[in-house]
Structures are given as structure tokens and as C-alpha cells.
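Colleague: Please see the structure below; I have some questions.
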């Protein structure tokens, strides 16, 4: 597509307009069809800034749309739709009611578009397919299952249960990390305050008595000098590095894979990620397979909701193993992510025909482990916080009081 600037006269005034066409002839014909005025001249011009801005705006909108919708209002709307369907109301009425009661702007917009598509003859799962990035693959799978089995109300209710489990786990983690986060923030603020406002007051006194400063005091003065003179550069550098790492994480699959693999080795954080992701995978796989979804499809959907790319890659090996003719137990074993007890339970469930029962028990095991870990996060982090606070206080005490003793001795002499 090219852009042509056309000069024309209307009511005795010379005007210009830019039109997009493939060639000059089409541009002239298009201009004449608009009957804007008397044609004067035409020449090709670069793409207008307004068009570029419009394209950039569309990209930003697409990025914003790619974000997941908040789980809390989404779950509430699913419960509402499920209840109304169970009461025998048509799906269009359920969607209309969801639109009226849903306050979240983006979710309301999604339901509005879905209602329009359903009224035009499209089924519910196909209408939601356009928003898969926002509502998740599991939503599409459960809606499709409900339509195929004629139990749409039950499928939507089970979908709400699955999402509620995911939401509860996230809330538990946020609640558990709130206290350590506040303590660390207060420590940073207090340290910065003392370094920038208190230490300089002592520096002039140390210089006046010309005392030999001990290493802790020199370290404090160096930190103060670095914060005052280079603090802004350090802050900008930290922001720049974080942006570069974020871009690399989004664009480089290799970097993302290595970063996610490293995160699994971080103290406490790695354990929390592992238990939450694997527990979520087992729970969703159990619910989907119990609902009648084929094993391969259930595994694929369950793996898709695992956010850690390294774990997702390892779990994908289960599908590959089954496609090669191996058993589910061998697929789980090949991932190297499950302890022997879990493997034996999978094997027992597979051989006895009670796989769903075993998956449910395994899901309970991971849920209990995750809950115990999250409930004790503060206790596990506490030794690190105490050590950090002790180091902070010790550095300040040695940095300030050691030279003061030297000054007192000098004055006494």
C-alpha cells in the first residue's frame, strides 16, 4: 500500500488530502469518486505520522488485551452463568445478565462480543476462542466439553472450581510474603536515611579531630558517597538492566528457559514455584480427565497453564512418551520431576483403572505441601531477616562508635 498526496480546489480554496492506494491511477479514480473538488496534482508521499501512531496504538491495545483477565470477577461471572443455565435459562439470557452485573471493563467487553457471536449462530466455545490468551486454554477446553456432552452448566461450574483453586494459591502466597516484603522495604528506607542524613554529620567531626578511621566507618562513608553522588545512576542502571532482562525473557526462548530453570533452584522461591506449578498441573489434569476429555488433550491443557517454561518443557515429555506408545507412568518418570512415591501412585492408578482417584490423592499431597510451605514462609525467611538486620545494626554501630572512642581518647590525652 502506497500513500498519495492530492492537491485540489474546493470553493476557490486550495486543499490537500492523503489517500492510500496501490498506484497513482487508482488514487486519482478514488479521489474523483469522493467528489471533493477539482483535481490539480498528485505525488507519492511517505506514510503519514497519524497512520503510524494508529498502528502503534493498535499494537498497544493488542498487548493489553493479551493480559489475563482478573480471576476473581471472572470466577464470579462463571458461577452466575452456571447457576442460570442449571435453572433452565437460555445461554443468551445468561450472557446478558453477566454483562449487566460484571463491573470489570474488559471482561464486560468480552461477554458483549461473545453474546453477539452466539446470537449470530456461533457456539459458546468458538466465541470464546478469540479471547483464549485472556481467559486461558482451560476455559475453551471446558466449554467445548460441556457443549459436546450436553452438560454446559456442570462444565462451567467445574471450570470455576479449577480457577478458584489457582486463585486461592496465589492469594496464600501473597499473604505469606507480605510481612517479609514490608520488613525488607523498611530496612532499605531506614538504611538509606541513616546513610544519607546521619553519617555525614559524623564525617565532619571525624575530620576535625583528624582521627584514623576504622574500616566499618570507611565503608559507611564510601556507601554514603556512592548513594549521594551516583545513586541516580545506579537507579537508572538497575531499571535499564531489569528492562533488558525483561525483553530478553520475552523474546529469547533459550534465555527464558535457563532463567526459569535457575528460579527453581532459588531458596524457598524455587520450592514455592515447583509445588504451585506441579500441584496446579495435577489438579487440572485430574479434573479434565475425570470430565471425559481425552488424556492427550487433558495433558495438553493442564501443561498450558504451567507458567514456568522449564517445567512446561519437562512435562511436555509426558505427551511425547504416550504418543510413542509408553505408559503414563513412564511419561511421568521421564520428566525427572516427580518423586518415586508419586510415580508408584500413577502406576497403581493406571494398572487398576482408578487413575482419577490416584490423581485426586496426588493433588491433595501437593496442595498440603504447598499450604504448609506457604504458611511457614515467614518462619523460613525470618533467620535471613534477622541476620540482615543484625548486620545492618552492627555496621552502623562499629562505623559510628569505633571512631568516637578514638576521639574520646584523643580529647582525654
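The values are calculated or read from the model by the stated rules, or taken from the named source; none is laboratory data. Note that the structure is a prediction, hence the values are computed from the model and not measured. A quick note on method: Cβ atoms are made from the backbone with ideal geometry, for glycine too, and the neighbour counts reach across all protein chains shown.
Colleague: Scan the stretch 308-319 and give yes if some residue there is over 26 Å from the mean Cα position of the chain (by Cα) and at pLDDT 90 or above, otherwise no.
Modeller: Scanning the stretch 308-319, I find no residue that is over 26 Å from the mean Cα position of the chain (by Cα) and at pLDDT 90 or above, so the answer is no.
Colleague: Moving to a separate point now. Restricting attention to the stretch 204-217, which residues are surrounded by fewer than 17 Cβ atoms within 10 Å (Cβ to Cβ), assigned to a helix (DSSP H, G or I) and either in contact with a helix residue (DSSP H, G or I) (Cβ under 8 Å, 6 or more places away or on another chain) or modelled with pLDDT under 70 (or both)?
Modeller: Hits for the stretch 204-217 are 204, 205, 207, 208.
Colleague: List pairs: first residue in the stretch 144-158 and assigned by TED's automatic domain parsing to the domain that holds residue 124 and free of Cβ contacts under 8 Å to residues at least 60 places away in the same chain, second residue surrounded by fewer than 22 Cβ atoms within 10 Å (Cβ to Cβ) and assigned to a helix (DSSP H, G or I) anywhere in the structure, Cβ distance under 6 angstrom, at least six positions apart or on different chains.
Modeller: Listed pairs, sorted by first residue: 144/125; 147/125.
Colleague: Which residues, taken from the stretch 85-101, are crowded, with 19+ Cβ neighbours inside 10 Å and within 13 Å of residue 152 (Cβ to Cβ)?
Modeller: Across the stretch 85-101, the qualifying residues are 85, 91, 94, 95.
Colleague: Kindly indicate whether any position in the stretch 102-125 is crowded, with 17+ Cβ neighbours inside 10 Å, free of Cβ contacts under 8 Å to residues at least 60 places away in the same chain, touching a helix residue (DSSP H, G or I) at 6+ places or on another chain (Cβ under 6 Å) and under 21 Å from residue 285 (Cβ atoms).
Modeller: Looking through the stretch 102-125, at least one residue is crowded, with 17+ Cβ neighbours inside 10 Å, free of Cβ contacts under 8 Å to residues at least 60 places away in the same chain, touching a helix residue (DSSP H, G or I) at 6+ places or on another chain (Cβ under 6 Å) and under 21 Å from residue 285 (Cβ atoms).
Colleague: Pick from 340, 351, 347: which is within 17 Å of residue 274 (Cα to Cα) and more than 26 Å from the chain's Cα centre (by Cα)?
Modeller: The unique qualifying residue is 340.
Colleague: Additional query: Consider the stretch 253-263. How many of its residues are surrounded by fewer than 13 Cβ atoms within 10 Å (Cβ to Cβ) and over 17 Å from the mean Cα position of the chain (by Cα)?
Modeller: Matching residues across the stretch 253-263 total 2.
Colleague: Looking at (1) more than 29 Å from residue 159 (Cβ to Cβ); (2) part of a helix (DSSP H, G or I), find the lone condition where residue 373 falls short.
Modeller: For residue 373, the exception is condition (1).
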